[in-house]
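None of the figures in this text is laboratory data; all of them are computed from the coordinates on show. Only a predicted model underlies this, so the values are computations on that prediction, with no experimental measurement involved. Using ideal geometry, Cβ is built from the backbone for each residue, glycine included, and neighbour counts are taken over all protein chains shown.
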Amino acid sequence: MTTAVKKVRVQVDLSETEAKLINHLVERLSVRSRADLLQQAYGTFLWVLTERLSGNRIVSVDSENVDKLERYKELSVPAVEPLVFKHYDHLVVRLESGYRQPYLRGRNMRVGQLIYTMRANGLNAEEAAEDMDLPVEQVREAQIYYQINRELIEQETEEEKQYLISEGISLEPIHLPG
């Protein structure tokens, strides 16, 4: 005889951006609902906690170097596995570019360039889509990618800035008379 597990409802307050990200992930991953997504995230967190309490460290190793490790445990999250094969509908990685962040499909514009242009001009997703003749879904997908990968984009932006400075290119705004 199995005993029914009593369920408890938990309420979470999220920003609008966080809620959009969760909804996007539910659509893209192998989950049926936000609750399923959060249960998998909770399970992952418990695994991380158990490993840390056991004295283990959690690290990320690129696939080229994983074979160099003597021993390791690999985290597997079933909902995330489809992302190995298909990341986004409106973004594309161009390995030959030297950038790790993706470009907008059909454009020579990286996600970071779009986000920083939107910030500089005070544009929301709909305004940016109209102003730059982009599908609004592409702009929203780029915003989600940026939220997830902010550190990568900021790092690449800083590297690009340092390169330009080393080449003697001034990054100061030009003040025109008049």
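Cβ under 14 Å from LEU134's Cβ, LEU134 left aside: what net charge do those residues give with Lys, Arg +1 and Asp, Glu -1? The answer is -4. With the highest mean first, a sort of the peptides 141-150, 122-131, 90-99 on other beta-carbon atoms found within 10 angstrom per residue produces 141-150, 122-131, 90-99.
Going by alpha carbons, how many degrees (0 to 90, nearest 10) lie between the helix axis of 34-53 and the longest principal axis of the chain? With both axes taken from Cα atoms, the answer is about 80 degrees.
Using r as the Cβ-Cβ distance of LEU164 and GLN39, and R0 as 41 Å, what FRET efficiency do you calculate, to the nearest 0.05? Taking R0 as 41 Å, the efficiency between LEU164 and GLN39 is 0.35.
Counting charges near GLY55 (Lys, Arg +1; Asp, Glu -1) among other residues having Cβ under 15 Å from its Cβ returns a value of +3. Its Cα gyration tensor gives the chain an equivalent ellipsoid. The semi-axes, each the square root of 5 times an eigenvalue, are 37, 24, 16 Å from largest down. Kindly provide log₁₀ I(q)/I(0) values, in the same order as q = 0.11, 0.23, 0.26 Å⁻¹, from the Debye equation applied to equal alpha-carbon scatterers of the stretch 88-168. With one equal scatterer per Cα and no solvent, log10 I(q)/I(0) is -0.28, -1.11, -1.32.
Derived scalar couplings between HN and Hα for the stretch 143-159 equal 4, 5, 4, 4, 4, 6, 10, 3, 4, 4, 5, 5, 5, 5, 5, 5, 4 Hz in order, rounded to whole Hz, by the Karplus curve 6.51 cos²θ - 1.76 cosθ + 1.60 (θ = phi - 60°), x for Gly and Pro. Stokes-Einstein D for the stretch 28-69 at 37 °C, 0.692 mPa s, Kirkwood Rh over Cα pairs, in µm²/s? In µm²/s, the coefficient rounds to 263.
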